[in-house]
Amino acid sequence: MKATKAKFKFDGGIHPAYHKELARDRAIETMPIPALLRVSMSQHLGAPAKPLVKKGDTVKRGQCIGEAAGFISAAVHAPTSGTIKEVGTAPTAMGTSAAFIAIEPDGEDAWIEGLEGIADWQNADTKALIAKVAAAGIAGMGGAGFPTNVKLSPPPDKPIDTLILNGAECEPYLTADHRLMVEHAEQIWTGCQIVRKVLGAKHVHIAIEDNKPEAIAAMEQAMEGADDDASISILKTEYPQGAEKQQIYATTGREVPSGGLPMDVGCVVENVGTTLAVWDAVVNGKPLTERVTTVTGMPVSEPKNVLGRIGIPYSDLLDFCGGLKADVAKIISGGPMMGLAQPGLDATTTKTTSGLLFLAPQETQTFRSMPCIACGRCVGACPMYLVPAELSQMLEAEDYEAAEELNVLDCIECGCCAFACPAHRPLVQHMKQGKSKVMLKRRQAQKK
Amino acid sequence: MDINNILITSGAIGGVGLTCGTALALAAKFLAVKEDPRVEAMDEILPGANCGGCGFAGCADYAKAVVLDGAAINLCAPGGNEVLELIAEAMGQEASAEEKRVAVVMCAGDSEKAPRKHLYNGVADCTAAAAVAGGDKLCKYGCLGYGSCARVCPSGAIEFKNGVAIVHPDLCISCSACVRACPRNLIKMVPVSKTIHVVCSSKDKGPIVKKACQVGCIGCRMCLKLAGDAFEMEGFLALRNYDIPVENELIVEKCPGKCIVKCGASEAPSPEATEPTPSEPSTEPAEATTEGQT
């Protein structure tokens, strides 16, 4: 086992103000269960889960209350014991409405009986391990929420030789993954070994940005005595170093082809939080019912890394952090680069809520978008080798075919282009909209 | 300078020009694409707006479809009855005249009457605005006012008054492009002679509508009581049934939600037509109209 600087660095990228100092040194605090939890059925990528309970039912913690509906979907479990108050729809952090289940906790927080882990996971059957992960409803906790059991079952013609553990946490402000690595390095390493065994991956890279020396030290200690194929890859601090495709290039030098997936180059990338959940699911048999969320920003009285149940209303999360001490201009679910602006604090936490960020008026600006001056800064910043300036003009003119030809679908929506644009053009918003239009067209063409 | 240089150059260029010209002339004669003269004639008849309202790629495409593939002859909305008659004559078919339909925006919640819940500072496009936290209007059915409909209108018939779209029936060419562009499905095509509309599309219950908009249908069914079958209910929303005329126009004044308006045939429907007075708080639900919301 060795810790080395990553050999490669992706092209493009930006250096935003990180502001990690707000919550970096705050140990993870467990939040008491609030008076009501609203658990969304759509916390992951893919089909929403199907509610299994109805109003008035009593549930135990860890009881499955929503079953996976389809291949790409994930089960949802009761985050605590209590009574179902309502099964209906409510606003999500995405701005849409989704099915949710409201649970009134009974205060006992009793686990459902019969949850058993696989203590001897080293000798367990791979299928049994994947089944455990699927039963625990684990979805990628870095933000995208891709169901983990699907990721762990690559098709047989795509052998995986490298597992990359994503601890880059390149989003400014967020420190949840950092604290997890500092405080739970051993469990993360065990979870990582479980995933490695399931995938049969020879190499393991733990990718951490060099602005997290504490996390690097903690992981090094946890991995003491590990074999030579496992290593810590220290990445240069730059956004978006935590993006899957950029990270694969930085650690292995392999490039994921346009339109391809990491498994096309023999890699799987897992977030550190996800690996911790895998450890909990396999070793302790516990489904995913809680996660660490960074509540941060200048206006927050006490920025914290909060270990909270899934389904906590954002307003309760803020109260736990002492409320606000200054004016807020913008609320973002997630990090400032890729997070989603919120109209209020009505939404609730999900498996993918990595942060809740409050920005003061002096940190936010409202820009008027100006015409493109063809300076090319967005081209230099784009980590996917796209030409955002040209694409955004095409998308403004609604020429989706031309945009598709210029690979608009490769855009990872990291926001580097919009960050770099001196004309304040809403480049990434154009891309997002364009991508959904192109996808819609493709789906319509497929139907025909 | 030697005069020969000029002569040789002129001769060479002239020669090239002559050869190419002859080649082109021959090609035009022998390789000519035979076009049905009827298609050309039909193309002349069509208005040339290329609005796409007929469902074909443009006027030329529609002309071809009518002549060669037997497409329906009454699809050209901008042309109206005049063009329909000409097409019918050319095709030797019977013209069944239909009333011109114009677009009406079924929302009157302008920036004074329908509050916004947050500041949206992104791309000025309704679809993009609706994608951020479900749109910045408190009413999740209302007109967002970012002009997606006006941008697709080939005749410039859509104007924005105080943050809400208004279609001028005089300018509307009935192509339905705006109907397809609106992410909230607020625009409906209605017969041009009908002047009473329910300009609300909120399917929410009365109390929610009241909070979100001063000119919203609260589902009180008053219009059904006063004007009978000219209105119908869909959930908590009143819809105008354009097949039946409104006999009792009192409803325009009586509507507790102030969302039933009357406007002249050439006048854009606007809530100004019925100046909403700060109404006495009614516990009854009122009405509105609609159309599906995405």
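Annotations for the structure displayed:
- Net charge in the neighbourhood of A:Lys132 (other residues with Cβ under 11 Å of its Cβ; Lys, Arg +1, Asp, Glu -1) is -1.
- Kirkwood Rh, angstrom, the stretch B:57-115 [1 / mean 1/r, Cα pairs]: 13.7 Å
- Under the shape rule built on the C-alpha gyration tensor, where the axes satisfy a ≥ b ≥ c, the stretch B:101-274 is oblate, since a/c reaches at least 1.5 while a/b does not exceed b/c.
- Size of electric dipole in the protein assembly as shown: Cβ of Lys, Arg +1 and of Asp, Glu -1, about Cα centre, debye, nearest 20: 680 debye
- Kirkwood hydrodynamic radius of the stretch A:157-302, Cα pairs, Å: 15.7 Å
- Listed values for the stretch A:341-354 are Karplus-derived 3J(HN,Hα) couplings in whole Hz (6.51 cos²θ - 1.76 cosθ + 1.60, θ = phi - 60°), namely 5, 10, x, x, 10, 7, 6, 10, 6, 10, 5, 10, 6, 8, and x replaces Gly and Pro.
- When the helices of the protein assembly as shown are scored as -39500 (n - 2.57) per DSSP H run of n ≥ 4 and the total is divided over every residue, the value at 222 nm lands at -8000 deg cm²/dmol.
- Cβ-based net charge around B:Cys175, under 12 Å, with every Lys or Arg adding one and every Asp or Glu removing one: +3
- Residue-wise HN-Hα coupling along the stretch A:398-415, computed from phi with Karplus coefficients 6.51, -1.76, 1.60 (Hz; x: Gly, Pro): 6, 8, 6, 5, 5, 5, 5, 5, 8, 6, 4, 5, 6, 4, 9, 6, 6, x
- Considering only alpha-carbon pairs that sit under 8 angstrom and 6 or more positions apart, the relative contact order computed for the stretch B:101-274 is 24 percent.
- Net charge dipole size for the stretch A:377-447 [Lys, Arg +1 and Asp, Glu -1 on Cβ; Debye, nearest 20]: 300 debye
- The share of C-alpha pairs in the protein assembly as shown whose separation exceeds 43 Å stands at 41 percent.
- Dipole of the protein assembly as shown [Lys/Arg +1, Asp/Glu -1 at C-beta], most positive-end residue of B:Gly109, A:Gly137, A:Val150: A:Gly137
- Basic side chains Lys and Arg get +1 at the Cβ, acidic Asp and Glu get -1 at the Cβ, and with that the dipole of the stretch B:1-134 about its Cα centre reaches some 540 debye.
- Anchor B:Lys117: aspartates and glutamates whose Cα lies under 15 Å away (excluding residues fewer than 8 positions away in-chain): A:Asp346, B:Asp136
- Angstrom value of the Kirkwood radius, inverse mean 1/r, which spans all Cα pairs in chain B: 22.1 Å
- Listed residues A:Gly107, B:Leu171, A:Ser315: farthest to the positive end of the dipole of the protein assembly as shown (Cβ charges): A:Gly107
- When the trypsin sites (Lys or Arg not before Pro) in the stretch A:297-377 are filtered for DSSP coil states and for at most 13 other beta-carbon atoms within 10 Å of their beta-carbon, the remaining sites are A:Lys325, A:Arg368.
- Checked against a 30 Å cut-off, the cross-linked pairs A:Lys55/B:Lys140; A:Lys2/A:Lys286; A:Lys9/A:Lys132 give Cα-Cα distances beyond that limit for A:Lys2/A:Lys286; A:Lys9/A:Lys132.
- Karplus-derived 3J(HN,Hα), 6.51/-1.76/1.60, for each residue of the stretch A:304-311, Hz, glycine and proline x: 9, 9, 9, 8, x, 5, 7, x
- Most positive-pole-ward Cα, A:Ala75, B:Val33, A:Gln342, against dipole of the protein assembly as shown from beta carbon charges: A:Ala75
- Across chain A, the relative contact order, built from alpha-carbon pairs under 8 Å that are at least six residues apart, equals 20 percent.
- The rule of thumb for compact globular proteins, 2.2 N^0.38 Å, goes into the C-alpha radius of gyration of the stretch A:377-447 1.05 times.
- Here the relative contact order of chain B, from alpha carbon pairs under 8 Å that lie six or more residues apart, stands at 16 percent.
- What separates the Cα centres of the stretch A:234-260 and the stretch A:1-67 is a distance of 22 Å.
Read-outs: derived from the displayed coordinates by stated rules, not from any lab. Model, not experiment: these values are computed from the prediction. Cβ atoms come from the backbone with ideal geometry, glycine included; neighbour counts cover every protein chain shown.
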